[in-house]
1. Can you give me the Cα centroid spacing of the stretch 30-84 and the stretch 179-203 in angstrom?
2. Under a 1.4 Å probe, what is the accessible area of the stretch 19-84 per residue, stated in Å²?
3. What ³J(HN,Hα) values, in whole Hz, does the Karplus curve 6.51 cos²θ - 1.76 cosθ + 1.60 give for the stretch 39-49 when θ = phi - 60°, with x put for Gly and Pro?
4. Rounded to two decimals, what is the ratio between the C-alpha radius of gyration of the stretch 1-57 and 2.2 N^0.38 Å?
5. May I ask you to list the GluC sites (Glu not before Pro) in the stretch 9-61 that are in a DSSP loop and have at most 10 other Cβ atoms within 10 Å of their Cβ?
6. On average, how much area does the Cα convex hull of the stretch 1-129 cover when viewed from any direction, in nm²?
7. Given a cut-off of under 8 Å on Cα pairs at least six residues apart, what relative contact order in percent is computed for the stretch 1-113?
8. Leaving out ligands, DNA and RNA, and with a 1.4 Å probe, what % of the accessible surface on the stretch 62-124 is carbon or sulfur?
Amino acid sequence: MTLDELTAAYHGAAMRLLPVGLAWPKEGDDGAIQQFWRGIVREFARFHLRVLDLIRESDPSAASELLTDWERFVGLPDPCMPQSPTIEERRQAVVARLTAQNGQTPAFFEGLAAALGYSATVAERRPFTCGVSECGGTHEIAAEAIRFNWFLHVAGPRVVHFHCGEGECGVTALTDYRQAEDLNCLVQRLKPAHTDADLIYEG
């Protein structure tokens with residue numbers, strides 16, 4: 001709803017609340033009373049719209065005006081973020097930081113990738129162990145130390161699209177492809193200290 005439409009709605013409500021009588025003419029749009037109350041209720045309408053803006057800004061996935069405040073609240077920007085992130089990437093980073101429940105399981109790292117806009121799966125390595133492993137299984141004939149190596153398979157780059165009202169003409173690309181440098185940075189920071197993690201791109 002626009003400011004003019006909301007002003008008209010408030011004005012109609014104000015006119016219906018006025019006393020009845022010849023001193024309070026409610027007909028027409030040009031009378032002194034109508035113009036007076038139109039000026040008063042326009043501020044109510046403006047305040048109403050700003051309240052709706054605040055409700056929208058309370059959701060970090062849709063914030064614009066308060067995005068910087070959200071970033072300060074969660075400790076961003078982060079060195080792992082791209083140098084010139086788009087608004088959408090900044091929102092994703094805030095949401096990822098707010099919803100993160102740190103862990104060291106495959107599901108945690110797959111969820112971390114999903115929060116940043118990537119589709120990824122973890123593949124752990126297991127050495128072949130006599131008396132335990134089966135021939136033809138998924139175990140590898142390699143040194144025992146490979147159990148401390150694991151891979152994060154990333155299904156292609158993240159695609160970032162231009163959004164009207166958010167992107168800047170002449171600066172923001174219509175479509176941008178981002179490799180998972182931010183994801184790799186976070187994985188290296190959060191992985192178990194005794195392991196080695198590598199990202200493998202697919203697609």
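1. If we compute the Cα centre of each part, the gap is 37 Å.
2. On the way: 4780 Å² over 66 residues.
Accessible surface, normalised per residue, equals 72 Å².
3. Ordered by residue, 3J(HN,Hα) equals x, 5, 6, 4, 5, 4, 5, 4, 5, 4, 5 Hz.
4. Working: Rg = 13.1 Å, N = 57, 2.2 N^0.38 = 10.2 Å.
So the Cα radius of gyration is 1.28 times the expected 2.2 N^0.38 Å.
5. Values: sites: Glu27, Glu43, Glu57; in loops: Glu27.
Of the GluC sites (Glu not before Pro), the ones in loops of the stretch 9-61 whose Cβ has at most 10 other Cβ atoms within 10 Å are Glu27.
6. On the way: hull surface 52.6 nm².
Directional mean of the projected Cα hull area for the stretch 1-129 stands at 13.2 nm².
7. On the way: 64 pairs, mean separation 22.2, N = 113.
Relative contact order comes out at 20 percent.
8. Values: 1820 of 3440 Å².
Carbon and sulfur: 53 percent of the exposed surface of the stretch 62-124.
The values are calculated or read from the model by the stated rules, or taken from the named source; none is laboratory data. Owing to the predicted nature of the structure, the values given are computational and were not obtained by experimental measurement. Backbone-built Cβ (ideal geometry, glycine too); neighbour counts: all protein chains shown. Just the protein is used for accessible areas: all its heavy atoms, side chains included, with ligands, DNA and RNA removed. Shrake-Rupley method; radii C 1.70, N 1.55, O 1.52, S 1.80 Å.
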